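Following: one structure in C-alpha cells, then a few remarks.
The values are calculated or read from the model by the stated rules, or taken from the named source; none is laboratory data. This structure is a prediction, so every number in the text was calculated from the model and none was measured. We place every Cβ from the backbone using ideal geometry, glycine too, and count neighbours over all the protein chains shown. When the accessible area is computed, the model is the full protein with side chains, heavy atoms only, and any ligands, DNA or RNA have been set aside. Shrake-Rupley method; radii C 1.70, N 1.55, O 1.52, S 1.80 Å.
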Amino acid sequence: TPVACPGQVTIENRTIPNEDNFDLGTVPLSSAFAHSCNTSMAALADKLPADALTNTARDFGIGVDFTVPGLTTVTGKVPNADTAAQRVENGIGQGTVTVSPFGLAVAEASLAHGSTIMPTLVDGEKTTADKPSVPLSPSVVDALRAMMRQTVTEGTARELGDIPDLGGKTGTAEFGDNTHSHGWFAGIVGDIAFATLIVGGDSSAPAVTLTGEFLRPALANTG
C-alpha cells in the first residue's frame, strides 16, 4: 500500500519527525517500515481504534503477565489510546508505551512461531500466563517477516545484509528531556529470536552493530 513519508507530520498538535527529517515522499508501506518512517506509522496509527495496538501487542506477548519458574519477567505495556496524540505516540512506541528486551524477544519469537509463545527457562517447568496463547494471522506474519527482511537488505539494518535470512526492526526510544534515546534492534534468524537494547545509545546503530557481533560467530558455530 502506498503511504506518505514526509520529513515531519503534525497530528492534534503533536509533531512527529523522521530522523534528521528525511523525506521519502510516497513509498510502499514495506519501504516505510524498512526505513523507519515515523511519520508514516504515526499517520496510520491515528486511524486505528483506541485498543487496536493494545490488543495486538498482547497477542504478540507484550503486556502479558507470564509466570516463569526461575525467572522474574516484565514484558511491557501498550495502553489504550483514546486521543489522536496518544494513538500517534503508541504508533511509534513513545509516550506511555513500555517494553523490555524480554518482552520484545517474546514478540519476535511469537512472530516466528505463528502464535503467542509461552517462554520457559527450566526444562519440565510449566509457564502460565494471564492470557492464553492465540494464533497470529498468517497474512500478518508473512507481511511482517518480509518487511523485516527488507529492513536488513535495504533499510536501517543493511549493515547486517551479509547474514542470510536475518530479518529485524530498528528503533529508538527517547527518554528524560527527549534529547537522548535508547537504541533497539530486534528480529529473527533461523531458530533465534532476539532483542538488543543499548541504553542511551542515541540511535539504533550501536544495537545493530552489537547484534552482528553476536550473531555472526553464533551462526558460524551452528553452521
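Residues that are in contact with a Leu (Cβ under 6 Å, 6 or more places away or on another chain), open to solvent by less than 90 Å² (accessible area, probe 1.4 Å) and not in a loop (DSSP other than H, G, I, E, B) do not occur anywhere in the stretch 164-178. Please work out if Asp20 is closer than 20 Å to Phe185 by Cα, open to solvent by 60 Å² or more (accessible area, probe 1.4 Å) and either out of contact with any helix residue (DSSP H, G or I) (no Cβ under 8 Å at 6 or more places or on another chain) or part of a helix (DSSP H, G or I) (or both). The answer is yes for Asp20.
Yes/no matrix, rows are residues, columns are (1) in contact (Cβ under 8 Å) with a residue 40 or more places away in the chain; (2) open to solvent by less than 90 Å² (accessible area, probe 1.4 Å); (3) of a type in the set (D, E, K, R); (4) within 23 Å of Leu219 (Cβ to Cβ):
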position: Gly124; (1), (2), (3), (4): no, yes, no, no
position: Ser137; (1), (2), (3), (4): no, yes, no, no
position: Arg149; (1), (2), (3), (4): no, yes, yes, yes
position: Arg158; (1), (2), (3), (4): no, no, yes, yes
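Here the stretch 52-86 is the region considered, the condition is being assigned to a helix (DSSP H, G or I) and under 16 Å from the mean Cα position of the chain (by Cα), and the residue that is surrounded by the fewest Cβ atoms within 10 Å (Cβ to Cβ) is Asn55.
Out of all the residues in the stretch 32-47, is one or more over 22 Å from Gly171 (Cα atoms) and surrounded by 14 or more Cβ atoms within 10 Å (Cβ to Cβ)? Looking through the stretch 32-47, none of the residues is over 22 Å from Gly171 (Cα atoms) and surrounded by 14 or more Cβ atoms within 10 Å (Cβ to Cβ).
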